[in-house]
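Enquirer: Shown below is the structure under consideration.
The values are calculated or read from the model by the stated rules, or taken from the named source; none is laboratory data. Everything quoted here is computed from the prediction, not taken from an experiment. With ideal geometry, Cβ positions are generated from the backbone for all residues, glycine too; neighbour counts draw on all protein chains shown. Protein only, heavy atoms only, side chains kept; ligands, DNA and RNA dropped before computing areas. Shrake-Rupley method; radii C 1.70, N 1.55, O 1.52, S 1.80 Å.
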Amino acid sequence: TGLVTVDPGFMNTAACESSITYIDGDAGILRYRGYPIEQLAEKSTFLEVAYLLIHGELPSDELLNALNNRVARHMHVHEGIKSFLEAFPRDAHPMAVLAGATSALSTFYPESVGRDEPEIELATVQLLAKTATVIAYLQRRVTGGELIEPRKGGAYVDEFMRIGFSGADGELDIDPTIRRALDLLLILHADHEQNCSTSTVRIVGSSQANIYAAVSAGIGALSGPLHGGANEAALSMFDKIKADGDTVEQFVAKVKDKAEGARLMGFGHRVYKSYDPRGAVVKNVANSVLSELGGNDETFQMAQELEEIALSDEYFIERKLYPNVDFYTGLLYSAMGFPRQMFTPLFALGRMPGWIAHYREMMDDPRTKIGRPRQIYTGEVERDYVAIDQR
Ligand code: CMC
């Protein structure tokens, strides 16, 4: 067939051109539509960043208000979706339920399933709004609370927190430190060019499957411990080190030995061969939030020691392994009151604008073709069928 190269993990294959996010992995640079992540993290808000990623420019005050209002109006979910969420076992992992619920949204809102401009605009708002409510409901399921109704007109992050955390009376006094930290974490996760889940969204969308199906597949990809699941895995790793009574040096030695198959979760990246710029922001925020809110100090201390030892160890130096965004986020989410199973759904909430932006970019690109990689066949040559009694 003339195929001569195979590229496992697409180490060296560009599947598309994109003008959404720029990464320089050697220099540790990340920009959304040209804007440095550090500036957006400091000055922007999540829905503003969502608008930027999806539409290419920062919105005017009027456009941002319109988006805020539209999203707030669509946060209600159909009763059927609520029943769907209630049908799973209480201890079901929320990522599995979220993937199912996201795909199911298309069946409740068929008017947003097509690929014309008004339909895709509606689907964009529905996905931003309704997955936030679904994730907040999943949080209530984990903590044992009844599902409460969204209120029209609330700010996005506030409403998400209220639906997730309030008592049965629906009231919640949100700590401004937590509100700001959550907004910032969502911004940091909002896009990361052709990562595993976004590539999944694009490949599913390339068959002209609807955006809900594509995003649902992306959520499945994100759930894995090598991708978004790493935030939960990193916190479990810190706990295991403590439970095993290991020193951080002993744990690093086990990782280097590779015998137990343990990796340093929250470390390493396909593209960054220097400090992940998102990780650097998260570490700073974790520092200030933990000192303000208290809690997790001992684990934070251990994580920092782990980082320090790894960064001065030959194994990590020669492989250019640095902390990525997931190394400190779990600690932070946990200090903010989120249960561990909710860490990866929070990543999904943040990544939603990126998935939407890439789906739309792919759909608008006349060069898009169905994603269909080839292979190099290594199986048997032609042979004749053998009857069962002769095998
Ligand atoms: N701990 C120990 N060794 C590692 C690690 C790690 N976290 N990451 C990579 N290595 C080693 C790996 O064993 C290999 O060594 P050798 O050359 O001796 O075989 C070398 O470094 C290259 O690793 P790789 O697996 O070929 O690199 P990759 O680009 O295919 O994988 C990665 C990237 C992120 C999957 C990997 O670094 C990893 O498994 N990290 C831990 C999981 C994690 O934190 N994932 C979150 C990524 S960032 C946010 C996101 O995308 O969701």
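Enquirer: Please find the FRET efficiency linking Thr368 to His55, where r is the Cβ-Cβ separation and R0 is fixed at 22 Å, and quote it to the nearest 0.05.
Expert: Approximately 0.70, to the nearest 0.05.
Enquirer: Here's another thing I want to ask about it. Go ahead and estimate [θ] at 222 nm for the chain from helices alone: -39,500 (n - 2.57) per DSSP H run with n ≥ 4, summed, over the residue count, rounded to 500.
Expert: -18000 deg cm²/dmol
Enquirer: Putting +1 on Lys and Arg Cβ atoms and -1 on Asp and Glu Cβ atoms, find which of Leu222, Gly330, Gly205 reaches farthest to the positive end of the dipole of the stretch 179-334.
Expert: Highest projection toward the positive end goes to Gly205.
Enquirer: Right, here's the next one. Setting aside same-chain residues fewer than 8 positions from Lys130, which lysines have a Cα under 25 Å from its Cα?
Expert: Hits, sequence-local ones excluded: Lys82, Lys152.
Enquirer: Using a 1.4 Å probe, what is the accessible area per residue for the chain, in Å²? Could the numbers behind the result be given before it?
Expert: Working: 18490 Å² over 391 residues.
Result: 47 Å² per residue.
Enquirer: What is the gain in length, in nm to one decimal, between Ala168 and Glu111 on full extension, counting 0.36 nm per residue of separation less the C-alpha to C-alpha distance?
Expert: Stretched fully, the Ala168-Glu111 segment lengthens by 17.2 nm.
Enquirer: Next up: DSSP loop chymotrypsin sites (Phe, Trp or Tyr not before Pro) in the stretch 148-190 with at most 15 other Cβ atoms within 10 Å of their Cβ, which ones? It would help to have the intermediate numbers written out before the result.
Expert: Details: sites: Tyr156, Phe160, Phe165; in loops: none.
Here no chymotrypsin sites (Phe, Trp or Tyr not before Pro) fit, given the DSSP loop and packing criteria.
Enquirer: Listed highest first by mean packing, meaning other Cβ atoms within 10 Å per residue, what order do 179-189, 203-213, 367-377 come in?
Expert: 179-189, 203-213, 367-377
Enquirer: Just to be sure I understand the rule: take each whole DSSP H helix in the chain, project its Cα atoms onto its long axis, keep it if the span is 15 Å or more and its mean Kyte-Doolittle hydropathy is at least 0.5. Which ones pass?
Expert: Working: long enough: 61-73 (18 Å, -0.56); 94-108 (20 Å, 1.25); 117-143 (39 Å, 0.29); 176-189 (20 Å, 0.84); 211-222 (16 Å, 1.78); 230-244 (20 Å, -0.16); 277-293 (24 Å, 0.32); 297-311 (21 Å, -0.32); 343-364 (32 Å, 0.04).
Once both thresholds are applied, what remains is 94-108, 176-189, 211-222.
Enquirer: Within 10 Å, at most 13 other Cβ atoms, and a DSSP state outside H, G, I, E, B define an exposed site. Report the longest part of the chain free of exposed GluC sites (Glu not before Pro).
Expert: Numbers: sites that count: Glu17, Glu57, Glu146, Glu171, Glu260, Glu380, Glu382.
Within the chain, the longest run free of exposed GluC sites (Glu not before Pro) spans 261-379.
Enquirer: Residue by residue, what Karplus-based ³J(HN,Hα) values in Hz, rounded to whole numbers, does the stretch 34-41 have, using 6.51, -1.76 and 1.60 with θ = phi - 60° and x for Gly and Pro?
Expert: Going residue by residue, I get x, 8, x, 4, 5, 5, 5, 4 Hz, with x marking Gly and Pro.
Enquirer: Tell me, rounded to the nearest percent, the portion of alpha carbon pairs in the stretch 205-364 spaced more than 19 Å apart.
Expert: Summing the P(r) of the stretch 205-364 above 19 Å gives 58 percent of all pairs.
Enquirer: Hey, could you pull the Cα Rg and Dmax for the chain, both in Å?
Expert: 22.0, 77
Enquirer: If you don't mind, another one. I need the phi-derived Karplus couplings for the stretch 369-376: 6.51 cos²θ - 1.76 cosθ + 1.60, θ = phi - 60°, integer Hz, Gly and Pro marked x.
Expert: Result, rounded to whole Hz: 10, 4, x, 8, x, 9, 8, 10.
Enquirer: Residue separation times 0.36 nm, minus the C-alpha to C-alpha distance between Arg73 and Lys152: what's the value?
Expert: Contour length minus Cα-Cα distance gives 27.9 nm.
Enquirer: Give the lysines whose C-alpha is closer than 25 Å to that of Lys256, dropping any in the same chain fewer than 8 places away, or say none.
Expert: Lys240, Lys242, Lys273, Lys283, Lys320
Enquirer: Hey, any idea what % of the chain's accessible area is carbon plus sulfur with a 1.4 Å probe? Don't skip to the answer; put the middle values down first.
Expert: On the way: 9450 of 18490 Å².
It is 51 percent, rounded to a whole number.
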